[in-house]
Amino acid sequence: MIEKAKALPADEVFLDLEDAVAADAKAGARTQVAVALAEPGWAGQLRGVRVNDWTTPWTHADVIEVVGTAGPSLDIVVLPKVTDASHIHALDLLLSQLEATHGLPLGRIGIEVQIENAQGLTNIDAIAAGPRVQALVLGPADMAASLNMRTLEVGEQPEGYDVGDAHHHVLMRILIAARTHGVLAIDGPYLKIRDVDGFRRVAGRSAALGYDGKWVLHPDQIAAGNEVFSPRQSDYDHAELILEAYEWHTSRAGGARGAVMLGDEMIDEASRKMALVIAGKGRAAGMDRTAEPFRPPS
């Protein structure tokens, strides 16, 4: 799996020391992961490790060994089950000491935070403001358990909840904190790895809200995830058109007007901000325009 992971077309690959590893296998997995992250052959993705959470006896050893072996290659530490900002500060201090010890740039290694229970969600603003935090990640299974949600299907609607979205508040709370503090909002995994249609449906929910991406558990989910979190071609083309038209109309040559018509649509500064979001997502996905650019009236 590690060898295959090196070539996967994902934005980030992290190797797991937490839920995927039984207690008696933690020490051996730690060494295997550290060596693998330092090996050549990776395809340029961000490289990370998910360590065990601070309530376990393994966290400090996970961080010390992985950073000591693979520090120059390590981009991210994923910290699970974060309930308080003190978890972030403790990891930041340990990483700073290790970076100094191993001659790494101070602050080079980022932290991605998993929000997985009611306490973490309650404290999310202080957590998101912590040092090194680059992303907030929903842990959907633990979150559902923490809330006593009556379901065994991770990310799906609980049976009997037939109006709206049972996960909407949690998703929005994470998203609002991420946007407030300038970090990424990432949806958690969909555990039915063979059900790509189910993955698309659940991923489409968080993509529509404005999430930046979603964890995948299997290579078959990657293409679907990249597609879902990229804008539709028609939306991307239109966003670029709005940006070009607005730039021209607000210029001296275009009359320096703040609100103008583009076809049968009025566009203004708010339209520009919305278009920047869609255009930014399309550019990040490497999309090319398929429609004609804006042409000033003659």
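Structure notes:
- Of the residues examined, Val51 is one that is more than 21 Å from His218 (Cβ to Cβ), open to solvent by less than 20 Å² (accessible area, probe 1.4 Å) and in contact with an Asp or Glu (Cβ under 6 Å, 6 or more places away or on another chain).
- In region 10-37, of all residues being open to solvent by less than 20 Å² (accessible area, probe 1.4 Å) and within 28 Å of Ala223 (Cβ to Cβ), the one that is nearest to the chain's Cα centre (by Cα) corresponds to Val13.
- Matching residues in region 278-298 - criterion: being surrounded by 11 or more Cβ atoms within 10 Å (Cβ to Cβ), touching an Asp or Glu at 6+ places or on another chain (Cβ under 7 Å) and of a type outside the set (A, V, I, L, M): Arg289, Phe294
- Only one of Val202, Val216 that is in a loop (DSSP other than H, G, I, E, B), closer than 19 Å to Gly139 by Cα and in contact (Cβ under 8 Å) with a residue 40 or more places away in the chain: Val216
Matching residues to (1) in a loop (DSSP other than H, G, I, E, B); (2) out of contact with any helix residue (DSSP H, G or I) (no Cβ under 7 Å at 6 or more places or on another chain); (3) of a type in the set (Lys, Arg):
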site	(1), (2), (3)
Tyr236	no, no, no
Leu241	no, yes, no
Glu247	no, yes, no
Met266	no, yes, no
Ser271	no, no, no
Ile278	no, no, no
Met287	yes, no, no
Phe294	yes, no, no
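- Those residues of region 224-233 which are touching a residue at least 40 places away in the same chain (Cβ under 8 Å) and open to solvent by 60 Å² or more (accessible area, probe 1.4 Å), in sequence order: Asn226, Gln233
- Some residue of region 84-92 being farther than 22 Å from Glu18 by Cβ, in the same structural domain as Gly210 (by the TED database) and among the charged types (D, E, K, R): no
- Among the conditions (1) at pLDDT 95 or above; (2) in a helix (DSSP H, G or I); (3) closer than 24 Å to Gly282 by Cβ, Val170 misses just one, which is (3).
- Residues within region 249-298 that are of a type in the set (S, T, N, Q) and either farther than 15 Å from Ala239 by Cβ or touching a Lys or Arg at 6+ places or on another chain (Cβ under 9 Å) (or both), tallied: 3
- Of the residues examined, Ala275 is not one that is hydrophobic (A, V, I, L, M, F, W, C) and open to solvent by 40 Å² or more (accessible area, probe 1.4 Å).
- Within region 148-175, tally of residues that are surrounded by fewer than 16 Cβ atoms within 10 Å (Cβ to Cβ) and closer than 23 Å to Gln134 by Cβ: 1
- Qualifying residue in region 182-197 (condition: closer than 20 Å to Gln134 by Cβ, in the same structural domain as Glu12 (by the TED database) and part of a helix (DSSP H, G or I)): no
- Comparison of Leu79, Leu106, Leu91 shows that the only residue that is of a type in the set (A, V, I, L, M), open to solvent by 30 Å² or more (accessible area, probe 1.4 Å) and over 21 Å from Lys6 (Cα atoms) is Leu106.
The values are calculated or read from the model by the stated rules, or taken from the named source; none is laboratory data. It should be emphasised that the depicted structure is a prediction, and the values quoted were computed from it without experimental measurement. All Cβ positions, even for glycine, are placed from backbone atoms using ideal geometry, and neighbour counts span all protein chains on display. To get the accessible areas, we keep the full protein, side chains included, count just its heavy atoms, and leave off ligands, DNA and RNA. Shrake-Rupley method; radii C 1.70, N 1.55, O 1.52, S 1.80 Å.
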